1. Out of 260, 218, 201, any idea which swings most in a Gaussian network model of the chain, alpha carbons joined below 10 Å?
2. Any idea what the relative contact order of region 309-406 is, in percent, if you count C-alpha pairs under 8 Å spaced at least 6 apart?
3. Of the residues 80, 362, 322, which exhibits the maximal mean-square fluctuation in a Gaussian network model of the chain defined by a 10 Å Cα contact cut-off?
4. Enumerate the calculated ³J(HN,Hα) couplings along region 305-322 in order (Karplus 6.51 cos²θ - 1.76 cosθ + 1.60, θ = phi - 60°), each rounded to whole Hz, writing x wherever the residue is Gly or Pro.
5. Taking amide H positions as placed in the peptide plane 1.01 Å from N, state which residues far from residue 301 in sequence (5 or more) or on other chains have amide H under 5 Å from it.
6. Under 17 Å from the Cα of residue 261, which lysines turn up, not counting those fewer than eight places away in the same chain?
7. Return the long-range amide H neighbours of residue 61 (sequence gap of 5 or more, or a different chain), with a cut-off of under 5 Å between placed amide H atoms.
8. Is the shape of region 206-361 rounded, prolate or oblate, going by the alpha carbon gyration tensor and its root eigenvalues a ≥ b ≥ c, with a/c under 1.5 for rounded and a/b larger than b/c for prolate?
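Throughout, read-outs are computed from the coordinates displayed, never taken from laboratory work. The model shown is predicted, which means the values in this text are computed figures rather than measured ones.
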Amino acid sequence: MTAPVTKERDYFTDPTVLLDPYGYFEEMRPRGPICRLETHDCLLLTGFDECVDVLRNPIDFSSLNSLASSAFPLPFTPEGSDISAQLETHRDKYVGGDLVVTFDDERHTNVRALMSRMFTPSRLKANEAFMQEYAGELVRKAVAEGSCDLVGQIATPYVTMVIADLLGVPPEDRSKFEEKIAAGQTVGSIENPDAPTDTSALEFMGVFFYQYLQERMANPGTDLLSELATLPYPDGSKPDIIELVSLAVFMFAAGQDTSAKLLGNAMRYIVDVPGLQQQLREDRTLIPWMLEEVLRLEGSSKATHRVARRDTRIGDREIPAGTQVIVALAAANRDPRRWGEDANEFRLKRPGIKQHIAFGRGSHTCAGAPLARAEVSAILNQFFDQTSEIRISGEHHGEPGARQYDFEPSFIIRGLANLHLELVA
């Protein structure tokens with residue numbers, strides 16, 4: 001077991017933590033599954049059970065700080081044993097306070113009810129033809145060239161176009177959004193600690209989505225935006241257009257990052273785990289098993305954040321109202337108490353694998369998880385169909401056992417900035 005650290009590294013700003021967050025979590029694990037950070041006034045949860053307890057308890061824990069993060073102090077002084085009203089009063093002080101990922105209570109329930117209609121199996125099935133066709137086109141071009149940057153040339157345009165097709169974003173606007181997102185700052189940037197999450201790309205897209213929704217209200221079609229424009233909340237009331245714009249923009253942006261990062265992370269394991277690539281080529285039914293284990297080991301989100309709304313407990317530890325908590329998904333998914341002594345190793349068909357929390361747990365579980373799984377499975381099948389071998393470029397990333405990668409500079413996202421592949425037809 002790793003010895004306790006003498007000097008705590010800053011999870012939010014230290015570039016060495018960015019490169020290897022798992023090493024950081026292993027350093028912190030001996031302090032217990034719940035520990036108070038020295039660098040920030042918040043708790044770090046590395047235990048699987050403890051993380052699940054918090055994620056499944058929206059009554060006592062608010063998601064309002066999930067994008068702002070636990071690095072920033074509350075914008076008010078907590079008063080009393082229940083600060084729910086104070087949090088709502090100060091919602092406009094939080095970055096992303098108008099996005100579904102930060103909502104609580106009835107507001108969250110209402111919006112999630114709309115989202116549950118978005119990513120149904122039948123809806124994904126209807127989108128499958130486009131997914132397959134576009135994935136095949138991208139892979140075919142890359143194979144003809146013999147190499148590619150998986151992240152920039154394939155993953156990003158692929159997931160952008162899939163979610164755009166699903167929502168019904170006009171083809172002529174899709175490249176504008178892709179360019180705006182690519183030019184923007186990553187969510188939870190360690191390079192801009194004073195403002196780590198920039199929402200300007202969402203605001204840019206919001207103008208377009210407002211127009212789309214107005215058009216769908218007047219002339220509904222068969223796409224998701226049309227459904228959004230006409231669906232009521234569970235109580236029969238109608239959401240206003242600003243709420244719908246916020247939801248649509250969030251689904252478009254969030255629906256890209258998870259899938260693109262998952263594809264890049266999965267490809268590292270496919271190539272470098274001995275024998276895995278050949279196993280998957282010969283038996284495609286193993287692809288879902290592989291994806292779940294990659295999600296556990298290298299999920300697209302390292303952590304999310306919560307703030308205690310009421311005096312409560314995590315396990316046997318008292319948690320006063322106002323306490324901010326880092327829910328370290330990546331640490332929980334490698335907790336040896338839950339996954340055994342081989343928790344840091346890739347294991348195909350690991351028992352209980354679908355219990356991982358890469359997509360969260362409870363009411364805020366990622367609504368786009370089925371889409372991410374479907375997208376990545378579809379394009380991996382295209383890679384296997386059109387190649388006889390996939391290699392990671394030694395020139396760009398070094399040889400197996402000594403790989404070097406650039407990661408998105410984020411304390412929230414775990415994903416490669418690029419992944420150069422060599423493709424043998």
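1. 218
2. Values: 38 pairs, mean separation 12.2, N = 98.
Result for region 309-406 is 12 percent.
3. Answer for the Gaussian network model of the chain: 80.
4. 9, 9, 10, 5, 7, 9, 4, 8, 9, 10, x, 9, 9, 6, 10, x, 4, x
5. 414
6. The reachable lysines, counting only those whose Cα sits under 17 Å from residue 261, are 302.
7. 309
8. Numbers: a/c = 2.90, a/b = 1.35, b/c = 2.14.
Oblate is the answer for region 206-361, as a/c is 1.5 or above yet b/c matches or exceeds a/b.
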